[in-house]
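One structure is given below, encoded as structure tokens.
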Amino acid sequence: MNGAGESNNAGAESFRQFPLEALPERMRRFVEAVSAATGTDPAFGALAALVVAAGCIGNRVAALVKGGWIEPAVLWGLLLGRSGATKSPVLKLVTRAIVELYKDARREFAEATTAYEREVERYKIRLDEWKREQRKGPPSDPPEPPAAPIEKRALVSDVTVEKLGELLKSNPLGLLLVRDELTAWLGSFDRYAAGGKGSDQPAWLSFFDAATVVIDRKAGGTYFIERGAVSVLGSSQPGTVARVFGLAERESGLLARIIIAYPPDRPGLWTDEALPDAVADDWKRLVQSLFAIPPTVDDNGELRPRFIPIGRDAKPLWIEWHDRHAREIVDIADDTLAAHFSKLKGMCIRLALVFTCVEVASGGAAISAIGADAMRRAISVVEWLKHESRRVYAMLAESDGDRADRRLVEWLAKRGGVASVRDLTHGLREYRGDPVGAERALGRLVEAGRAAWESVAASATGGRPPRRIRLIEQPPVTKTPANPESFEGFGDGDTGDTSKTEPDGGEGFVEIVI
């Protein structure tokens, strides 16, 4: 899976800190507070906050890039780290506001359901009276039955596609799925499919693009979802992801649609820090403001997103980045990584739309266009995601030797990049009591040009001076793309036909039989 000029070892490119300055102020304050309260790298909180914000926006607005190219406010994010990396507490803090709002909505729905049941009993009485009257008097219209309450939902977890279709029918502005172990979401795709993976995956790929999905239930009935927008957020461990996201999931483009944060492991040290109530309350107010963004109504009276164009000040930034990114994709030899980079074109627009909405929700003017500031923020985040993707995709293709070397490099980096054989035999578990294996492992890094041996001054008691290894700092790989002749226009975000001039929320539809 390694691209041209890139190592097949995840340690070959060092982790870059997430560009917190790219986040709007209220979101940045919240992410920093979550990081302090959980002792985790800010990348976890930042990615989770971005996906949650997108899930709150849903089908309220969508970005109109050009005729035929629309990007919805839908993001799929994965917090990747070994067991004990404190991913779950981050998810809980970032989604707590939505959970609280969901609990309020559930209470309201329960009260409305109780009232509805009383009305049904009254309706039955009125209906019986009407039937008696029909036997003796002139015919008349029957009484109107009461309208059943609609459950307002924004959050789902362990859900089938059939249930999701039902919920999207009642909640056309979109949903957010949160799974603590995201690979369980992938495993649910074939939960009721005979003979392996089947009907669910095409539907989910459509939900990523807020496209049209028709779900035909074997038990009878059909769900027609014109714009099925579902953002997805979860966590997992590297080994699990490497095992579950096999060739089929990669070739289908499922993995390519997921943005990932995989910061280096941190020890789970105790901290007295907690998420300040003021920060948590402000995040909840921001979430509520995103839910309050008004959609528009089509000619049939159905809710649909308002289409937000790229502003004049932002378009030159977008075109320059888009074309530079497109040339970079051409140089990537790994098809799977290239597919992910292709999806990042649309991801840049989606992030710019999210940043625009967050700024408006923070007291800005009404949403009219994606501005230059939001575009710069989005480009900064996507450039970080590109670097992170190289690391993650290299990790997914690691051999056992690559994985061992990466863990060794990460361990050395935590020690300041210096260690002796004795240090290693007292450090990483797999080398304890094995000085020969430890020296061989350090020697592999020297042979690869990633470290160098150096002697330590002999002690006053004499004896052979010990040797230790020192990591050689390797800058991240940067590509110098070719400079082909310039071309007019720009890509279509992998949406296919660009001949349309009017946005329609997605081309074609996926039909699912449950």
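Since every read-out is calculated from the coordinates, none of them should be taken as a lab result. Every value quoted in this text rests on a predicted model; they were computed, and no experiment measured them. For neighbour counting, all protein chains shown are included, and Cβ atoms are generated from backbone atoms with ideal geometry for every residue, glycine included.
Table for the structure above
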quantity	calculated
Subset of LYS345/LYS414; LYS103/LYS345; LYS92/LYS169; LYS169/LYS284; LYS66/LYS92; LYS66/LYS103 violating a 30 Å alpha-carbon distance limit	LYS345/LYS414; LYS103/LYS345; LYS66/LYS92; LYS66/LYS103
Sparse-neighbourhood loop sites, GluC sites (Glu not before Pro) in region 203-280 - DSSP loop, at most 14 other Cβ within 10 angstrom	GLU273
Added length on full extension, which subtracts the Cα-Cα distance from 0.36 nm per residue, ALA115 to ASP128	2.7 nm
Hydrodynamic radius by Kirkwood, which averages 1/r over all alpha carbon pairs of region 88-201, in angstrom	17.9
Inverse mean reciprocal Cα-Cα distance (Kirkwood Rh) of region 317-414, Å	15.5
Charge context of PRO264, other residues only, Cβ under 9 angstrom, K/R +1, D/E -1	-1
Base-10 log of normalised Debye intensity for region 241-314 (one unit scatterer per alpha-carbon) at q = 0.11, 0.23, 0.26 Å⁻¹	-0.77, -1.02, -1.12
